[in-house]
Amino acid sequence: MNPGTHSLAARLLLASALLLPLFLGATGWYLERSHRLSIEAAQAERLHLQLLALLAQAEFEDELSMPGQLLEPRLSQPNSGLYALVSNGEGQLLWASASALTVDPGRVLADIPDLAPGARNSARYNGQLRVSLQVLWETGSGTDIPLRFTVLETTAPIEVEVAKYRRSLLLWLGSSALLLLGCQVVILAWGLRPLRELAADIARIEAGEALFLQRPYPREVQTLTRNLNALLQGELQRRERVRRTMGDLAHSLKTPLAVIRTADPAADSYPELVAEQTDRMEDIVSYQLQRAVGGGNRLLQQVAVEPVLERLRGSLLKVYAARDLDIQLLAESGCRFRGDERDLMEIMGNLMDNACKYAVRHIRVSAAGGGDHPLDILVEDDGPGVAPALRAAILQRGFRADSRGEGQGIGLSVAADIAASYAGSLSIDSGGLGGARVRLRFA
């Protein structure tokens, strides 16, 4: 298949190249025909004047008589191209001009239809224009004699004039066609420029040089560009969501992996610990995948807070066994979190793990309220704390106040994102143990 047929410009130019000659040809035919008809009408009118002149010069008493020197000199010249004949009512020739020596009167007069007195007939005859006028001549004795005056003139000058006009018309129309095609090329180049720019912008997106279509496009393609931008935006969000989910997953798996790594394989409880942490990792993977596609009716559930904190406390004491940490839990009886248990586990796991990393020895976790009342959870440590200027920044994904320690800087941002999904808030200040205090509040 010809690649050019897939080009809009090539299609439009091909259509113009095919249709333009048709339209210009029809126009040329109409103009030529109009010109010919106007010339023939002028010739017929001129011949009618010749008939009137002949009628004025004719005399009829007993017979028709015409002057020897006619007003029109060509009628006296043989083969001049202008001929005159006069016949009676029976079609018999009464008089012929000197120019009509080579004309066969019988054939000329034979096919003239019957005419009423005063009527005129015009027709083409053998390359000539023939005009006849029927009159009723009243003689001096009161007798009415029917006479028919006929003049013929060659149409050769008309054909010459029409041929000349045709050549001029072809020249002008051909030049106009070429000019119009040239203008069409310019118009197409200008009109299709936005499509070329759109193709170039898409190529830049494919090459990674741009993210969206940002040029102001014509109305005709705005729906297309808007939908493309929406598609690109959705793709970027999907990729970002997958990237964040993978980062969150890797971060969440660190604690159970650390528990397994620090456990003594020779201990009798080691198989049970590995099974427990393996189940925990499976729950984490399932949870993160569910977050990636969106959760269900999380707010319909109510989760007891204290058992979650106890599970996390036990895992962290195993991870940080070498530091002999003191993790104190102060949760009110009946304290409940309205939401998914895995969300609470993810939030508190990140907050308590951060407290364990930076505490000297003491960590305190307290929880109050919940259920139909606001839930407040505080996580405090006796570490160095967080400078006031950094307290807002460390909640941003990837920011780390301490670049020397291990970690990816996403734990607090994950906790803040999950809390925000429940219309909750997370803030950092100084606590009673002397270090940082993280306040988690759900209305």
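The values are calculated or read from the model by the stated rules, or taken from the named source; none is laboratory data. What you are looking at is a predicted structure, and each value in this text was computed from that prediction instead of being measured. Quick reminder, even Gly has a Cβ in these numbers, built from the backbone with ideal geometry, and neighbours come from all protein chains shown. Note: accessible area is taken over every heavy atom of the protein model, side chains too, but ligands, DNA and RNA are not part of it. Shrake-Rupley method; radii C 1.70, N 1.55, O 1.52, S 1.80 Å.
Annotations
- The chain - percent of accessible surface contributed by carbon and sulfur, probe 1.4 Å: 57
- Evaluated at q = 0.06, 0.12 Å⁻¹: base-10 log I(q)/I(0), Debye formula over Cα of the chain: -0.55, -1.01
- Computed [θ] at 222 nm, deg cm²/dmol, the chain (DSSP H ≥ 4; -39,500 (n - 2.57); rounded to nearest 500): -17500 deg cm²/dmol
- Here the Karplus relation 6.51 cos²θ - 1.76 cosθ + 1.60, evaluated at θ = phi - 60°, turns the backbone of region 366-373 into coupling constants of 10, 9, 8, x, x, x, 8, 10 Hz, with x for every Gly and Pro.
- Placed amide H near R437: partners under 5 Å, 5+ positions off or other chain: D429, S430, G431
- For region 268-274, 3J(HN,Hα) computed residue by residue from phi via the Karplus equation (6.51, -1.76, 1.60; θ = phi - 60°) reads 5, 7, 4, x, 5, 5, 4 Hz, glycine and proline entered as x.
- Measuring r between the beta carbons of R33 and A392 and using R0 = 60 Å, the FRET efficiency lands at 0.10.
- Long-range amide H partners of Q302 with built H, under 5 Å: G339
- Heavy-atom surface of region 113-243, accessible at 1.4 Å and reported per residue (Å²): 65
- Protection proxy ranking, peptides 27-35, 128-136, average beta carbon neighbours within 10 Å, highest first: 128-136, 27-35
- For the chain, the longest principal axis of the C-alpha atoms and the axis of helix 8-57 are separated by about 20°.
- Euclidean distance between Cα centres, region 112-162 to region 186-200, Å: 66
- Computed extension gain for Q302 through E282, at 0.36 nm per residue and net of the alpha carbon distance, reaches 5.0 nm.
- For region 77-166, projected area of the alpha-carbon convex hull averaged over all directions, nm²: 6.9
- Region 82-95 - phi-based ³J(HN,Hα) in whole Hz, Karplus 6.51/-1.76/1.60, Gly and Pro as x: 10, 10, 9, 9, 10, 10, 8, x, 8, x, 7, 5, 9, 7
- Restricted to Cα atoms, region 128-220 shows a radius of gyration and a Dmax of 35.2, 113 angstrom.
- V221-F23 pseudo-label distance in nm [points 7 Å out on the Cα-to-Cβ vector]: 2.5
- A simple spin-label model places pseudo-atoms 7 Å from Cα toward Cβ; at A321 and A230 they are separated by 5.7 nm.
- For I202, solvent-accessible area (1.4 Å; no DNA, RNA or ligand), Å²: 60
- Accessible surface, region 305-383, averaged per residue in Å² (probe 1.4 Å): 41
- For the chain, DSSP calls about 90 percent of its internal beta bridges antiparallel.
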